[in-house]
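Engineer: Okay, here's the structure, questions in a sec.
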Amino acid sequence: MALGVILNRVFRTDNNPLFEYVYQNIEDIDQCYYIIPKEDFGNEAKMKRNYYYGTLQKFVHALYENDIQPFLMDYDELVDFFKEKGINEVVIAGDIMSYHKEEYDILHQRENFKKEDISVTTIRANHYFKPSKTRNNKGEPYKVFTSFYKKWRPYLMKRTVYNYDIKDLAKVGVKSKQKLKGDYSQSGISEETAQYKWSDFLDKDIEDYDSNREYLPEVLTSQLSIYLAYGVLDIIQIFNDLLDGYDKDEQNYEAFIRELIFREFYYVLMTQYPKTAHIAFKEKYQNLNWSYNEDNFDLWRKGMTGFPIIDAAMGELNTTGYMHNRMRMVVSQFLTKDLFIDWTWGEEYFRQKLIDYDAASNVHGWQWSASTGTDAVPYFRMFNPVRQSERFDKKALYIKKFIPTLNDVDAKYLHDTYKHERQIKEQGIELGKDYPKQMVNHSESRDHVMSEFKAME
């Protein structure tokens, strides 16, 4: 049998269920083609593209060190390659959502393969729970996170599932003699580095997780979302590690586990309701009278709203490809509530920029903020950007980190620039000239949101 193994974004040599599948079926395999179809990125996604290719390049290097030489190609070359090599079965991760283009996800790729009578075997490689096994007593997906969490949290347990020797996998592998063109050594992350950072987080920071996760000026969180986006670490290993250390500090370990189960919850929802990638989960809000003001959207994405906490967060995203989770909620609420702009615009912008982009988490995170999703924040609970700034960046350290223009202004004046315009000018910054004036009145925006949503009730 000639077998194709698609490894895109399962960029790890250890704890890889695709390798386990090959190992368990090795007696029946004559030739094994390890394949990495490369993702294509537009001009807006340069930072994301570089991070992806840097991580891919490090993975290819690790494979070469184990005498595995993968075939690199574009997605639209896959079917012809299978035909040319006589590959009649493909094994692929069945639980990895699109990273940049939807046509790369399993739903679209499986259809392409089946049209050519290529057998497809899907394996969970990036999530813990199987969606079809997580239904409620009515046979329906859970739509409220708390219920999902209470039901499935007890099912987390230590699991040992991998037993392969990568040297044996190399023996059946066809060698490509290909390497990724270009030098991406300064971008991306290797499996080895991710493992070190994860272990370091468990050793030093997780016992302060519940308090540190809201701290904006420094990255004190695990960065696990990045490692999972590229599959450099295995979710089963992650849960095993957390369960191993659980007795050290139940409160902080449980808080971390809860966030990972949230990721599982959104994944299950996305598999069961794929159309929600583009339309409101709540049907009654599918015809909201959203604004499509491109000028306002441009000010938001460029970090020129006049609200320093919003602009700092957009500065973080635009310069690092990452954004603190608290700020993802704050800026998405600002776009969908204060500016009342369609959440799909913001979701698409995040898709272009985030190096840890996860379709399910991003889509349903945006729907939560827009109050259009399942278990979403009620529309009458609007984040006030001024209050969020005062609460989470009291000393304006985060603001000044990403808006150096404001470095010499006292922190107490930077949360509400409209209120303190005179004091800010006295300290050398003229609003409307050196830094934008606030583009909207939050109270007026709130009234508009109430009116629009009530009209849909």
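Engineer: When only DSSP loop residues count, what chymotrypsin sites (Phe, Trp or Tyr not before Pro) in segment 337-381 have their Cβ near at most 14 other Cβ atoms within 10 Å?
Structural biologist: When the chymotrypsin sites (Phe, Trp or Tyr not before Pro) of segment 337-381 are filtered for loop state and at most 14 Cβ neighbours within 10 Å, PHE380 remain.
Engineer: Could you work out Rg/(2.2 N^0.38 Å) for segment 187-343, with Rg from alpha carbons only?
Structural biologist: 1.21
Engineer: Could I ask something else about it? With unit charges on the beta carbon (Lys/Arg positive, Asp/Glu negative), name the residue among ILE29, VAL60, MET97 whose Cα is farthest towards the positive pole of the charge dipole of segment 24-167.
Structural biologist: Comparing the listed Cα positions along the dipole, MET97 ranks first.
Engineer: Continuing with this model, one more query. Any chance you could check the Cα centroid distance between segment 6-22 and segment 378-401 for me, in angstrom?
Structural biologist: 41
Engineer: Rounded to the nearest 5, what is the percent of antiparallel bridges among the DSSP beta bridges in the chain?
Structural biologist: Roughly 5 percent of the beta bridges in the chain run antiparallel, per DSSP.
Engineer: Assigning unit charges at the beta carbon (Lys, Arg +1; Asp, Glu -1) and nothing else, what dipole magnitude in debye, to the nearest 20, does the chain show about its Cα centre?
Structural biologist: With Lys and Arg at +1 and Asp and Glu at -1, about 780 debye.
Engineer: As an exercise, use a Förster radius of 56 Å and the Cβ-Cβ distance of LYS302 and SER147 to find the FRET efficiency, rounded to the nearest 0.05.
Structural biologist: 0.90
Engineer: Relative contact order of the chain, please, whole-number percent, based on alpha carbon pairs below 8 angstrom and at least 6 residues apart.
Structural biologist: RCO, the chain: 17 percent.
Engineer: Pairs to check: LYS48/LYS177; LYS275/LYS394; LYS167/LYS204; LYS114/LYS175. Give those whose C-alpha atoms are more than 31 Å from each other in this structure.
Structural biologist: LYS275/LYS394; LYS167/LYS204
Engineer: I've got another one for you. In whole percent, and with a 1.4 Å probe on the protein chains, what portion of the accessible area of the chain is carbon and sulfur?
Structural biologist: 44
Engineer: A follow-up question, please. So for each of 26-32, 187-193 I average, over its residues, the number of other beta carbons within 10 Å; can you give me the resulting order with the highest mean first?
Structural biologist: 187-193, 26-32
Engineer: Here is a further query. Quick test of the membrane-span-like rule: which DSSP H helices of the chain reach at least 30 Å along their long axis (C-alpha atoms) with mean Kyte hydropathy at least 0.5?
Structural biologist: Long hydrophobic helices here: none detected.
Engineer: Also, I was wondering about something else. List the aspartates and glutamates whose Cα sits under 12 Å from the Cα of LYS83, skipping any in the same chain fewer than 8 residues away.
Structural biologist: Counting by Cα, and skipping residues close in sequence, LYS83 has these aspartates and glutamates nearby: GLU116, ASP117.
Engineer: Pull up the cross-link candidates among the lysines for LYS400, meaning alpha carbon to alpha carbon under 21 Å and not fewer than 8 places away within one chain.
Structural biologist: Once the sequence-local lysines are set aside, what remains near LYS400 is LYS302, LYS412, LYS419, LYS425, LYS433, LYS437.
Engineer: If you take the Cα Rg of segment 1-125 and divide it by 2.2 N^0.38 Å, with N the number of residues, what do you get?
Structural biologist: 1.03
Engineer: A further question follows. Please tell me the relative contact order of segment 1-125 in percent, rounded to the nearest whole number, where contacts are Cα pairs under 8 Å and at least six residues apart.
Structural biologist: Relative contact order of segment 1-125: 34 percent.
Engineer: State in Å² the accessible area per residue of the chain; use a 1.4 Å probe, count heavy atoms of protein chains only, and round to the nearest integer.
Structural biologist: It amounts to 46 Å² per residue over the chain.
Engineer: Using only the Cα atoms, what convex hull volume per residue in Å³ does the chain have?
Structural biologist: 156
Engineer: Let me see the P(r) profile for segment 281-453: every Cα-Cα distance counted, bins of 5 Å, each bin given as a percent of all pairs.
Structural biologist: Result returned by the calculation: 1, 9, 19, 22, 20, 15, 9, 4, 1, 0, 0.
Engineer: For a label point 7 angstrom out from the Cα of LYS38 toward its Cβ, which stretches of segment 172-204 have the backbone nitrogen within less than 12 Å?
Structural biologist: 178-184
The values are calculated or read from the model by the stated rules, or taken from the named source; none is laboratory data. What you see is a predicted model, and the numbers here were worked out from it, not measured in a lab. Glycine gets a Cβ as well: all are built from the backbone with ideal geometry, and neighbour counts include every protein chain shown. Heads up: the accessible areas ignore ligands, DNA and RNA and are worked out on the full protein's heavy atoms, side chains in. Shrake-Rupley method; radii C 1.70, N 1.55, O 1.52, S 1.80 Å.
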